[in-house]
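Data block below; observations after.
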Amino acid sequence: MKQMKFIYEAAMSALFALYMYVVFKVILFKFGSMDFLFLWQQLQRSLGNPSNVHHRLQTANFHPFVTISQNIHSLSSYEVINLYGNILIFIPFGIFLMLLSKKSRMSWIGVGIRSFGLSLSLECLEVLFLIGSFDVDDLILNVSGGLIGCCLWQLMLAASRLIGVGSFRFFAKEQQNQRSEHDRNEKDGKYRGNAVMSRHQ
């Protein structure tokens, strides 16, 4: 059991690391090679001349749904990629959050907050490295993708219980084991705390 748990956690961690590599490659390097020298040069430019960052912020979109509305009405190939790509790239993030959650009880709010945090970090890095502009609609689309991923995972687990799909049943059982272990640890912690308090009394 412990060996299977170790393999499960190692596999999920490796897949999550690979996913984050892809996210940063797509967002920061725009599908190109990961040129860290280029990022360092861009960082020096932004720090050496703060007006570059100021200009990026002046052209940023801080009004919700403006870019989304433009993309829907235009629907050119670029707008379609920007609209749906920002959603699709964060769907796996929501799924991974549910898979890697130790308590296995992460709420929609928890997924939304973490998706927002990652998206905001990427938007700020784009401005700092002078490789993109800040757009609040990207945050909205990314968070929507994370929540969709959370919903899809819950639906897949529910379906697996109904039709008995082996692979998803394994994940459900593993999460149930994690939940049971967490509950036992909580009970042990409360028991130790009560015992200490009784000893002092």
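The values are calculated or read from the model by the stated rules, or taken from the named source; none is laboratory data. As the structure is a computational prediction, the values presented were derived from the model and not from experiment. Heads up, the Cβs are rebuilt from the backbone with ideal geometry, glycines too, and the neighbour counts pull from every protein chain shown.
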Item to check | Residue that is modelled with the lowest pLDDT, among those in the range 5-21 that are exposed (fewer than 13 other Cβ atoms within 10 Å of the Cβ) and closer than 19 Å to GLY85 by Cβ | outcome: TYR21
Checklist entry - Looking at the range 79-91, is at least one residue surrounded by fewer than 19 Cβ atoms within 10 Å (Cβ to Cβ), of a type outside the set (Lys, Arg), modelled with pLDDT under 90 and over 21 Å from the mean Cα position of the chain (by Cα)? => result yes
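Can you find even one residue in the range 115-137 that is farther than 27 Å from ALA14 by Cα, in a helix (DSSP H, G or I) and in contact with a Pro (Cβ under 9 Å, 6 or more places away or on another chain)? It would help to see each step written out before you state the result.
Here is the first cut: in the range 115-137, the ones farther than 27 Å from ALA14 by Cα are 127-137.
Those left that are additionally in a helix (DSSP H, G or I): 127-128, 136-137.
Subsequent filtering for residues that are in contact with a Pro (Cβ under 9 Å, 6 or more places away or on another chain) retains 136-137.
Yes, there is a match, as at least one residue in the range 115-137 is farther than 27 Å from ALA14 by Cα, in a helix (DSSP H, G or I) and in contact with a Pro (Cβ under 9 Å, 6 or more places away or on another chain).
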Item to check | Unique match (being of a type in the set (Val, Ile, Thr), in contact (Cβ under 8 Å) with a residue 40 or more places away in the chain and within 24 Å of SER144 (Cβ to Cβ)) among VAL53, VAL23 | outcome: VAL23
Checklist outcome for this item: Within the range 92-112, residues being surrounded by 14 or more Cβ atoms within 10 Å (Cβ to Cβ) and in a helix (DSSP H, G or I) number 12
Next on the checklist: What's the number of the only condition in (1) out of contact with any Lys or Arg (no Cβ under 9 Å at 6 or more places or on another chain); (2) more than 18 Å from GLU126 (Cβ to Cβ); (3) surrounded by 12 or more Cβ atoms within 10 Å (Cβ to Cβ) that LEU75 fails to meet?
Outcome noted: (3)
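Free of Cβ contacts under 8 Å to residues at least 24 places away in the same chain, more than 22 Å from the chain's Cα centre (by Cα) and within 17 Å of GLY132 (Cβ to Cβ): which single residue out of PHE38, PHE31 fits that description?
Of PHE38, PHE31, the one residue that is free of Cβ contacts under 8 Å to residues at least 24 places away in the same chain, more than 22 Å from the chain's Cα centre (by Cα) and within 17 Å of GLY132 (Cβ to Cβ) is PHE38.
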Checklist outcome for this item: Taking the range 122-164 and keeping residues under 21 Å from the mean Cα position of the chain (by Cα) and of a type in the set (Gly, Ala, Ser) leaves GLY132, SER133, SER144, GLY145, GLY146, GLY149
